[in-house]
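The values are calculated or read from the model by the stated rules, or taken from the named source; none is laboratory data. This one's a predicted model, so the numbers in the text were calculated from it and none came from an experiment. FYI the Cβ positions are ideal-geometry reconstructions off the backbone, even for glycines, and counts take in every protein chain you see. We work out accessible area using only protein heavy atoms, side chains counted, and drop any ligands, DNA or RNA first. Shrake-Rupley method; radii C 1.70, N 1.55, O 1.52, S 1.80 Å.
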Amino acid sequence: DNYIKAMDALDNAPDTVDQYLDLIIQYTFVTYVQASLRYAFKLDNDLIAGTATAEHQAEGWIFFRIIEPYVAQADPAGAAYIQSFYTPGAPLSADEKYYCNTLATLTKAMNDPNLPFPPLAAMGTLEDTENVDCSGSGKVPADAPTPTPSPSEDSPAAALALSAAAVGILGLYL
C-alpha cells in the first residue's frame, strides 16, 4: 500500500516524494530487522537442539550487517554484541539468549526517532516466539565485546541498504 502511494506521489504530487521515499526506506528496513531477529531465534534453537549453527550464524550476519550502522547509533554495545555472535565462526553458547538480547537491542534502535526504522508496531511478532521468556535478559552481557566506534552513514552496509531501496524504487518506474 505504501509503495502504491509512493508511485502515485511521483506521478501526481512531487512535493510529497521525499515523504514516501522515507516510508519505503523505513519499511525496507523491516526485512533486515525481522531477519536479524529471526536468525538469533534460530541460533538459540540450534544450540538447544545441539545442531549445526554455521548456516544460521552466517545468514544472520548478512542481514544484520545492513542495519548495523544504524543499530550502533542507538546502542553501540548492543550492536557490537550482535555482531560478535553473528560473525561466522564465532563461538556460541547455549547459555546465551541471543533472541532476547537481539530483541532488546533492535527495539531500542527502532524506538530512536533519529533513525530510519519504521514504528515498532510494523514489526509484528516473530512466528513461534509467543512463549519465549525474555525476563532477566535483554541486556548486553557483561562479558560482551567492547563496542567499536559506530560506523558512519557512509559505511558500505549503509550504502548497500540505501542502494537496495533505490534500485527497488527505480525498478518500479523503468
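What does region 30-99 give for Rg and for Dmax, in Å, if only its C-alpha atoms count?
Calculated on Cα positions, Rg and Dmax stand at 11.2, 34 Å.
Give me a comma-separated list of calculated 3J(HN,Hα) values for region 91-96, in order, Karplus coefficients 6.51, -1.76, 1.60 applied at θ = phi - 60°, integers in Hz, x for any Gly or Pro.
x, 10, 10, 5, 7, 6
Could you calculate the contour length gain from residue 30 to residue 54, that is, 0.36 nm times the residue separation minus the distance between their Cα atoms, to one decimal place in nm?
Numbers: separation 24, 0.36 × 24 = 8.64 nm, distance 2.38 nm.
Extra length available between residue 30 and residue 54 comes to 6.3 nm.
Which value, in Å², gives the accessible area per residue of region 17-105 when a 1.4 Å probe is used on the protein heavy atoms? All intermediate terms of the calculation are to be shown ahead of the outcome.
Values: 3650 Å² over 89 residues.
Heavy-atom accessible area per residue stands at 41 Å².
Which whole-Hz couplings ³J(HN,Hα) result when phi for each residue of region 63-70 is put into the Karplus expression 6.51 cos²θ - 1.76 cosθ + 1.60, θ = phi - 60°, listed in order with x for Gly and Pro?
Along region 63-70, the couplings run 5, 5, 4, 5, 9, 3, x, 6 Hz.
Consider just the alpha-carbon atoms of region 73-134 and return their Rg together with their Dmax, both in angstrom.
12.9, 35
How many nm is it between the label spots at residue 77 and residue 95, if each spot is 7 Å from the Cα in line with the beta carbon?
Going from the residue 77 label point to the residue 95 one covers 1.9 nm.
Please arrange 125, 31, 105, 87 by accessible surface area, largest first, computed with a 1.4 Å probe and ligands excluded.
Values: 125 105, 31 75, 105 5, 87 55 Å².
From most exposed to least exposed: 125, 31, 87, 105.
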